[in-house]
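Have a look at the structure below, then the notes.
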Amino acid sequence: MNNSNDIFVAKLGKAVGLQGHLRLFMDTDFPEQFKKGAVFTTNRKLELKVAEYNTARELIKFEKFDDLETSKKLTNQELYSTFEQTKESCKLKKNEFFWFDLISCSVFENDLLLGQVKEIQRYPLNDYLEIQTSDELVEKGHPKVFLIPHMFDKYILNVNINDKKIQVKDSLIILENS
């Protein structure tokens with residue numbers, strides 16, 4: 001079991017070729033974190049240091065795993081990074097946030113507390129904030145959970161990670177129709 005501040009970033013596929021390269025199945029929006037020298041832990045508590053990463057072919061190679069036999073042992077292992085590492089190696093653009101920073105933010109429409117971000121749901125066309133509806137609104141007969149599309153200007157007006165607050169619009173109507 002990984003500790004709670006570990007983030008799943010990739011799964012290792014089969015060994016490719018004789019020099020210890022492995023197929024890399026990324027689960028991240030930041031391929032740049034697999035740069036040479038980056039360290040990840042696996043679900044088997046191994047520490048792996050990146051020797052090289054080939055973006056085009058999606059192949060990765062780790063230090064001390066220099067041949068097919070040794071690298072084969074890594075197949076199907078999961079790679080984890082820490083929050084700190086992720087923040088350091090991944091550069092966000094305007095209106096981009098790490099999902100772990102969005103979790104537990106309070107969601108307000110005007111001054112009304114709609115609830116708190118419980119989870120981020122990823123769908124092909126869009127990400128959604130899964131909101132745990134506030135007790136007050138649940139008591140009024142609204143669903144305990146609802147989804148807000150993670151779309152700036154259309155639904156999300158402002159995200160303040162420091163205050164753990166997200167200002168939204170046109171979202172109460174989503175809740176009312178959920």
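Kindly provide the set of residues from region 26-45 that are of a type outside the set (Asp, Glu), surrounded by fewer than 15 Cβ atoms within 10 Å (Cβ to Cβ) and in contact with a strand residue (DSSP E or B) (Cβ under 7 Å, 6 or more places away or on another chain), ordered by number.
Passing the criteria: 35, 36, 37, 39.
Any idea which of 45, 61 is touching a residue at least 24 places away in the same chain (Cβ under 8 Å) and either part of a helix (DSSP H, G or I) or among the basic types (Lys, Arg) (or both)?
Working: 45 fails: touching a residue at least 24 places away in the same chain (Cβ under 8 Å).
Step by step, each of 45, 61 is checked, and only 61 is touching a residue at least 24 places away in the same chain (Cβ under 8 Å) and either part of a helix (DSSP H, G or I) or among the basic types (Lys, Arg) (or both).
Select from region 121-135 the residues that are acidic (Asp, Glu), over 16 Å from residue 177 (Cα atoms) and surrounded by 12 or more Cβ atoms within 10 Å (Cβ to Cβ) and list them in ascending order. I'd like the intermediate steps shown before the answer.
Taking region 121-135 first, the residues acidic (Asp, Glu) are 127, 130, 135.
The next check asks that each one be over 16 Å from residue 177 (Cα atoms); those that pass are 127, 135.
Scanning region 121-135 gives a single hit, 127.
From 145, 159, 138, which residue is open to solvent by less than 30 Å² (accessible area, probe 1.4 Å) and either within 23 Å of the chain's Cα centre (by Cα) or farther than 30 Å from residue 39 by Cβ (or both)?
Numbers: 145 fails: open to solvent by less than 30 Å² (accessible area, probe 1.4 Å); 138 fails: open to solvent by less than 30 Å² (accessible area, probe 1.4 Å).
On inspection, the qualifying residue turns out to be 159.
Only residues that are open to solvent by 10 Å² or more (accessible area, probe 1.4 Å), within 18 Å of residue 11 (Cβ to Cβ) and polar (S, T, N, Q): list them for region 49-85, please.
Once the filter is applied, which keeps residues that are open to solvent by 10 Å² or more (accessible area, probe 1.4 Å), within 18 Å of residue 11 (Cβ to Cβ) and polar (S, T, N, Q), region 49-85 yields 54, 55, 75, 76, 82, 85.
Tally the residues that are under 14 Å from residue 163 (Cα atoms), surrounded by 14 or more Cβ atoms within 10 Å (Cβ to Cβ) and of a type in the set (Ser, Thr, Tyr), restricting the search to region 88-112.
1
State yes or no: is residue 118 in contact (Cβ under 8 Å) with a residue 24 or more places away in the chain, open to solvent by 80 Å² or more (accessible area, probe 1.4 Å) and either β-branched (Val, Ile, Thr) or touching an Asp or Glu at 6+ places or on another chain (Cβ under 8 Å) (or both)?
Working: in contact (Cβ under 8 Å) with a residue 24 or more places away in the chain: yes; open to solvent by 80 Å² or more (accessible area, probe 1.4 Å): yes; either β-branched (Val, Ile, Thr) or touching an Asp or Glu at 6+ places or on another chain (Cβ under 8 Å) (or both): yes.
For residue 118, the condition - in contact (Cβ under 8 Å) with a residue 24 or more places away in the chain, open to solvent by 80 Å² or more (accessible area, probe 1.4 Å) and either β-branched (Val, Ile, Thr) or touching an Asp or Glu at 6+ places or on another chain (Cβ under 8 Å) (or both) - is met.
Need pairs with beta-carbon distance below 7 Å; first residue under 15 Å from residue 103 (Cβ atoms) and within region 148-172, second of a type outside the set (Lys, Arg) and surrounded by fewer than 12 Cβ atoms within 10 Å (Cβ to Cβ); sequence gap 6+ or separate chains.
Between residues of region 148-172 that are under 15 Å from residue 103 (Cβ atoms) and residues that are of a type outside the set (Lys, Arg) and surrounded by fewer than 12 Cβ atoms within 10 Å (Cβ to Cβ), the close pairs are 150/126; 164/104.
Return a yes/no flag: does region 136-147 have any residue that is more than 30 Å from residue 19 (Cα to Cα), in a strand (DSSP E or B) and without any contact (Cβ under 8 Å) to a residue 24 or more places away in the chain. Full working, then the answer.
Step one: list which residues in region 136-147 are more than 30 Å from residue 19 (Cα to Cα), which gives 136-147.
Subset that is in a strand (DSSP E or B): 145-147.
Checking the rest, the ones that are also without any contact (Cβ under 8 Å) to a residue 24 or more places away in the chain come to none.
The answer is no; no qualifying residue exists.
Can you name the residue in region 8-24 that is open to solvent by less than 10 Å² (accessible area, probe 1.4 Å) and part of a strand (DSSP E or B) and is also farthest from residue 60 (Cα to Cα) among such residues? It would help to see each step written out before you state the result.
Taking region 8-24 first, the residues open to solvent by less than 10 Å² (accessible area, probe 1.4 Å) are 9-10, 12-13, 20, 22, 24.
Those still in the list that are part of a strand (DSSP E or B) too: 9-10, 12-13, 22, 24.
Values: 9: 13, 10: 11, 12: 9, 13: 10, 22: 5, 24: 6 Å.
Per the criteria, the residue is 9.
Among the residues of region 162-178, how many are of a type in the set (A, V, I, L, M, F, W, C) and either surrounded by fewer than 13 Cβ atoms within 10 Å (Cβ to Cβ) or in a strand (DSSP E or B) (or both)?
Of region 162-178, the ones of a type in the set (A, V, I, L, M, F, W, C) are 166, 168, 172-175.
Now restrict to residues that are either surrounded by fewer than 13 Cβ atoms within 10 Å (Cβ to Cβ) or in a strand (DSSP E or B) (or both): 166, 168, 173.
Number of matching residues: 3.
Only one of 104, 89, 171 is touching a Leu at 6+ places or on another chain (Cβ under 8 Å) and of a type outside the set (Lys, Arg). Can you tell me which?
Working: 104 fails: touching a Leu at 6+ places or on another chain (Cβ under 8 Å); 89 fails: touching a Leu at 6+ places or on another chain (Cβ under 8 Å).
Result of the check over 104, 89, 171: 171.
The values are calculated or read from the model by the stated rules, or taken from the named source; none is laboratory data. The structure displayed is predicted, hence computed values, not measured ones. Counting neighbours? That spans all protein chains shown, and the Cβs are built from the backbone with ideal geometry, glycine included. Calculation scope for accessible area: heavy atoms of the full protein, side chains included, ligands and nucleic acids excluded. Shrake-Rupley method; radii C 1.70, N 1.55, O 1.52, S 1.80 Å.
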